[in-house]
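> I have a structure I would like to understand better, so I am pasting it below and will then ask my questions one at a time.
The values are calculated or read from the model by the stated rules, or taken from the named source; none is laboratory data. Computed from a predicted model, the values in this text were never measured in an experiment. Methodologically, a virtual Cβ is constructed for each residue, glycine included, from the backbone with ideal geometry; neighbour enumeration extends over all protein chains shown. In case anyone asks, the SASA skips ligands and DNA or RNA and just uses the protein heavy atoms, side chains included. Shrake-Rupley method; radii C 1.70, N 1.55, O 1.52, S 1.80 Å.
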Amino acid sequence: KDWVFPFKEKPTDITGLVKAWLDVFLATGKVDASRVYVMGLSQGGMGVLDMLARYPDIFAAGISICGAGNPETSKLFASKSSLWLLHGSADKVVPAFFSRQYQRRLKKAESDVRYTEYAGVGHDSWGDAFREPDLMAWLFSKSKRNR
């Protein structure tokens, strides 16, 4: 399988729509702009990595479950957004190699990154991820103010 993750200047149509929707909510003044988070699994986990790279000043943190992407883009958000990567070691759809690469890059950049790999778990690692006892506490502890 050829894995290519081009980072184009213009976001995909879906990413553009998500960003426009986010802008609408932020413009209401009813959202704590220092506590905006992004989370996704599988292709949505790929979207998390893309959104963090495109809009690092917006997101305090992200959670990518069994996602993948171009680890080069980690430099765009390494010092600005926290990230927790979760992956199954036996994932045959999206290999855990991708999350490991991101974790290594972000660690090297001294970023706030966390990585959890579930031994023997396949692509459906979201079940394990959502059972993580401190997943939401970790997420909600992140803000742009306390970075």
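> Every residue in segment 1-16 that is out of contact with any Gly (no Cβ under 7 Å at 6 or more places or on another chain), farther than 12 Å from M51 by Cα and surrounded by 10 or more Cβ atoms within 10 Å (Cβ to Cβ), please.
The one that is out of contact with any Gly (no Cβ under 7 Å at 6 or more places or on another chain), farther than 12 Å from M51 by Cα and surrounded by 10 or more Cβ atoms within 10 Å (Cβ to Cβ): W3.
> With more than 14 Å from the chain's Cα centre (by Cα), modelled with pLDDT of 95 or more, under 21 Å from F140 (Cα atoms) and of a type in the set (S, T, N, Q) as the only criterion, which of S82, S34, S64, S89 stands out?
S34
> Here is a follow-up. Which residues, counting only those in segment 104-137, are open to solvent by 40 Å² or more (accessible area, probe 1.4 Å), closer than 30 Å to A33 by Cβ and not charged (D, E, K, R)?
Within segment 104-137, A109, Y115, W126, F130, P133, M136, A137 qualify.
> For P71, which of the numbered conditions (1) at positive phi; (2) modelled with pLDDT under 95 fails to hold?
Going through (1) at positive phi; (2) modelled with pLDDT under 95 one by one, P71 breaks only (1).
> If you go through segment 17-41, how many residues are out of contact with any Leu (no Cβ under 8 Å at 6 or more places or on another chain), assigned to a strand (DSSP E or B) and open to solvent by 40 Å² or more (accessible area, probe 1.4 Å)?
Final tally of qualifying residues: 1.
> When you scan segment 42-68, how many residues do you find that are open to solvent by 10 Å² or more (accessible area, probe 1.4 Å), touching a helix residue (DSSP H, G or I) at 6+ places or on another chain (Cβ under 9 Å) and assigned to a loop (DSSP other than H, G, I, E, B)?
4
> While we're here: State all residues of segment 85-101 that are within 13 Å of A68 (Cα to Cα) and either in a strand (DSSP E or B) or of a type in the set (A, V, I, L, M, F, W, C) (or both); if no residue qualifies, say none.
L85, L86, H87, G88, V93, V94, A96, F97, F98
> So how many residues does segment 64-95 have that are within 23 Å of S34 (Cβ to Cβ) and of a type in the set (A, V, I, L, M, F, W, C)?
Of the residues in that region, 6 qualify.
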